[in-house]
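First comes the structure, then the notes that go with it.
The values are calculated or read from the model by the stated rules, or taken from the named source; none is laboratory data. Given the structure is predicted, the values throughout are model-derived calculations rather than measurements. The accessibility values were calculated without ligands, DNA or RNA, using every heavy atom of the protein model including side chains. Shrake-Rupley method; radii C 1.70, N 1.55, O 1.52, S 1.80 Å.
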Amino acid sequence: MYVNYCKNKPDSTQLILEHAGPYFDEIQQRHRLANSISSYLIKPVQRITKYQLLLKELLTCCEEGFDGNIDSQGELILQESFQVWDPKTLIRKGRERHLFLFEMSLVFSKEVKDSNGHSKYLYKSKMFTSELGVTEHVEGDACKFALWVGRTPTSDNKI
């Protein structure tokens, strides 16, 4: 989808300039929009570049410990920081973890800042998406969920 969009972007831009520019300019003014239609239509092209840069940054920031090739994990779908509880630890304390959801796996990492303030990610663990299960609303809390592998979880194999 992005390939076709990016390939046709110059043609769509030309069509807007030739035939629809005044129409969209009028809509922008009427609704007091800060950006033009062109600035919204370039977003998918910029997003592709951003994904590539994020993956390259991830590669440079990962410390040893990741037991695979990051490229073989598939496309990066989502990344976000979460409070993670591991029931296998003696002290039940939430830890801040940065998760990277790829097509093939969910990678857990710890974000640390270097002396320049740049983020680096220390690999902690991963779960294969093909083996991943999800339990929603853990302990009656709509904001908590459990991830697990294998059979339906008991309290000792949830993360």
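Of note:
- E18 contributes about 110 Å² of solvent-accessible surface, heavy atoms of the protein only, 1.4 Å probe.
- Taking all protein chains together and a 1.4 Å probe, the residues C6, C143 rank C143, C6 from largest to smallest accessible area.
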